[in-house]
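Worksheet: the structure to be examined is printed underneath.
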Amino acid sequence: MPYYTKLGKIPSKRHIQFRRPDGRLYAEEVFGTEGFSGPTSTLYHINPPTQVIGWKSLYSTKVEYVEREVMRMRHVKSLPMPSKGDPVTGRTVLFGNSDVEMSVCVPAEGMKYHFKNASSDECFFMHFGSGTVFTMFGTLKFGPKDYIVIPKGTIYRMVFDATKDGENEPRFLLIESVNGSHILPPPRYMSKKTAQFLEHAPYCERDLRLPEMPMTIDKKGEFEVRIKSREQVHSYNYNYHPLDVVGWDGCYYPYCFNIDDFSPIVGKHHMPPPTHQTFEAHNFVICSFCPRPLDFHPLAVVVPYNHSNLDSDEVLYYVEGNYKARKGIEVGSLSLHPQGIPHGPHPGTIEGTIGITHTNELAVMCDTFAPLYPTKAALAFDDLSYPQSWESGWTPESVVASTQSASSNGTASSKKPAKKVAKKVAKKVAMKAAKAAKGANTWN
């Protein structure tokens with residue numbers, strides 16, 4: 001979607017005759033947004049896309065939120081979620097509001113139909129698993145840590161590869177723009193004159209993987225396309241294969257982007273979350289926290305400062321690595337920090353990470369500009385002790401474990417009495433700070 005591209009066979013101009021080998025006209029479809037003033041692509045079908053042979057409503061997609069009056073930090077451990085359904089029916093919404101829904105899916109079976117979300121753009125983050133998305137625009141191969149952005153209206157079928165011995169079962173995070181807006185690269189990354197990614201952007205066109213061949217399936221029969229719209233999933237039946245496009249061009253299409261291709265921006269002092277922004281839509285943004293060198297000022301505090309983002313709720317999905325500002329976080333954890341109350345590093349993590357030069361954390365964040373609410377499914381995996389995890393652990397003795405853990409990278413810990421070790425640690429930290437301050441204005 002960020003820039004113009006084309007695939008397959010198209011005529012020399014729009015809206016002119018373009019004939020099939022049998023002499024009949026291909027069916028041209030303008031696939032556009034915002035009343036013909038937004039991103040658009042033009043597609044050429046073998047069959048008129050208006051032909052359907054039946055339709056019916058299947059099930060409601062209306063989300064029921066709970067604890068709407070409760071404001072507290074939350075920690076949802078999603079890894080124990082059992083597998084269920086397919087890549088569509090297996091989606092479990094955990095948090096959301098009128099702008100965005102965040103789901104986790106651990107599919108147990110394949111899709112026997114094609115799907116179209118006619119209400120929302122979809123941004124997948126593939127935590128585990130690889131496979132292929134077969135779309136009306138062509139084929140997208142995906143693997144672990146891929147973002148897949150599928151704009152609304154796109155017909156597709158997601159097929160996962162068979163899981164090999166020792167591999168994790170497929171799992172993905174899904175962020176939907178239920179307010180109807182589009183999930184796009186941040187405008188500040190793009191040239192206003194050419195829509196080209198600018199030099200300061202942390203990724204560019206070369207990092208995006210666009211649809212490829214094969215694209216066209218010319219087949220008759222009975223094919224189901226399920227369409228999400230009006231808080232329902234509807235079943236539509238076609239007597240031809242829905243992926244019958246022979247060619248297209250434009251700026252509206254799905255694509256993949258691997259989070260490891262995001263180039264983190266680092267600084268002398270701690271950089272704020274917008275530095276890690278990857279996508280945005282109306283009233284929410286998506287950020288990527290990737291492995292990177294940490295702040296290089298000699299007196300740097302490398303974990304995030306306490307902050308009150310008074311206009312945003314913040315959800316972090318933890319992918320892998322050691323997130324140095326949090327304790328008790330697991331792979332697949334989702335933390336929610338609501339607007340209105342400050343949040344920051346856990347006790348011991350500030351002192352415990354002084355001197356650390358790199359982080360191996362990998363996490364996806366979604367910040368929203370309206371309060372987020374949990375679902376019953378989220379409460380089933382809610383760590384109720386999380387809001388109290390900041391209450392204790394601020395004394396020098398309690399910092400010891402964090403400091404030793406950070407300095408040894410999780411290896412053997414000291415068996416000396418805590419008070420003695422605490423004094424040594426405090427002395428060591430003070431000496432390190434004094435030495436750093438002395439050379440703070442040098443290049444040594």
For this session: Would you mind listing the strands (runs of 3 or more DSSP E) fully within region 217-335 where at least 3 residues are under 30 Å from His15 (Cα atoms)?
Result: 220-229, 232-240, 245-250
For this session: For residues that are under 17 Å from Glu314 (Cβ atoms) and part of a strand (DSSP E or B), scanning just region 68-103, find the one that is nearest to the chain's Cα centre (by Cα).
Result: Met102
Seminar exercise, completed: Residue pairs qualifying under the 7 Å Cβ cut-off, at least six apart or on distinct chains, with the first in region 157-176 being without any contact (Cβ under 8 Å) to a residue 40 or more places away in the chain and the second being of a type outside the set (A, V, I, L, M) and loosely packed, with under 14 Cβ neighbours inside 10 Å, are Thr163/Glu169
Exercise. Got at least one residue in region 127-141 being over 18 Å from the mean Cα position of the chain (by Cα) and in a loop (DSSP other than H, G, I, E, B)?
Worked result: yes
Exercise. Restricting attention to region 102-118, does a residue exist that is closer than 24 Å to Val331 by Cα, buried (at least 22 other Cβ atoms within 10 Å of the Cβ) and of a type in the set (Phe, Trp, Tyr)?
Worked result: no
Problem set entry | Residues of region 1-27 that turn out to be crowded, with 18+ Cβ neighbours inside 10 Å and more than 20 Å from Leu210 (Cα to Cα), as a count | 3
Problem set entry | Leu208 within 30 Å of Tyr26 (Cβ to Cβ) and within 18 Å of the chain's Cα centre (by Cα) | yes
Exercise. So which residues in region 1-15 are of a type in the set (A, V, I, L, M) and either under 30 Å from Ala281 (Cα atoms) or not assigned by TED's automatic domain parsing to the domain that holds Phe31 (or both)?
Worked result: Met1, Leu7
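The values are calculated or read from the model by the stated rules, or taken from the named source; none is laboratory data. Bear in mind that the values here come from a model prediction, so they are computed numbers and not experimental data. Backbone-built Cβ (ideal geometry, glycine too); neighbour counts: all protein chains shown.
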